[in-house]
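Let me begin by presenting the structure, written as structure tokens, before commenting on it.
Derivation of every value follows stated rules applied to the coordinates shown; laboratory data play no part. All values derive from a computational prediction rather than experimental measurement. Using ideal geometry, Cβ is built from the backbone for each residue, glycine included, and neighbour counts are taken over all protein chains shown.
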Amino acid sequence: MKRRALLALGLLPSLPALAQPRPPAAPALRPATLSAQDRADITRIEAYLNGLRTMRSRFLQVAPDGQVTEGNAWIQRPGRMRFEYDPPSPLLLVAGSGQGLFFDKALNQVSYFPLSSTPLGILLSDNMRLSGDVTVSAVERLPGQIHVVLYRTASAGDGTLTLVFADGPLSLRQWMITDPQQRETTVSLFNVSLGATFDPKLFDTADPRPRE
């Protein structure tokens, strides 16, 4: 459950499952050939994300096995986020000060991971640029939506992050993490509010376990 939760939110690089049939190889990732409209939309998306400093929302997560969970999310760019899963899930994910914390309340276990090595860390970066360290592999348009598929340029094997925006006005509504085995997890945001001021304690990555 712990690893699945981390993978689902893009907070841990995916590793091949052991003792399971090897899935078909993922298609090779390569930079998209961008049209003038693609470049214009990417510029708009960069401006939107760099202007997005705080967000609070509900989230709904669909794991590769179809399991659905919900909870509350707080995002404060750069580099801070908190995902609290609704009961009966005991999970809590927090990012701040360059690292992430995973806490399983039921097991009273804490794990740490570097935010810079995770797909979702792209979204939390200070100066969001969809070039250089990040490569755009596709820009897709659906009625009222823009999908942008990204990967870390230096570690394409870790999988992709797809950001889904409503268009008109532009707003982030969903992301999908696709791991190297082509397993996809979707996180959808709803009841979104922007611009609030959050208590810094929300993003405290100190060990949350009770002291003896």
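Quick look at the values:
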{"item": "Conditions (1) assigned to a strand (DSSP E or B); (2) under 25 Å from Phe203 (Cα atoms); (3) not aliphatic (A, V, I, L, M); number of the one not met by Pro88", "result": "(1)"}
{"item": "Residue, surrounded by the fewest Cβ atoms within 10 Å (Cβ to Cβ), within region 67-80, restricted to residues that are over 16 Å from Asn127 (Cα atoms) and not polar (S, T, N, Q)", "result": "Val68"}
{"item": "Candidate set from region 34-66 (those that are part of a strand (DSSP E or B) and of a type in the set (D, E, K, R)); member that is surrounded by the most Cβ atoms within 10 Å (Cβ to Cβ)", "result": "Arg56"}
{"item": "Every residue from region 91-116 that is of a type in the set (A, V, I, L, M, F, W, C), more than 13 Å from Leu202 (Cα to Cα), in contact with a helix residue (DSSP H, G or I) (Cβ under 9 Å, 6 or more places away or on another chain) and in a strand (DSSP E or B)", "result": "Leu91, Phe102, Phe113"}
{"item": "Listing of strands (runs of 3 or more DSSP E) fully contained in region 129-212 that carry 3 or more residues being under 20 Å from Arg56 (Cα atoms)", "result": "160-166, 171-178, 184-194"}
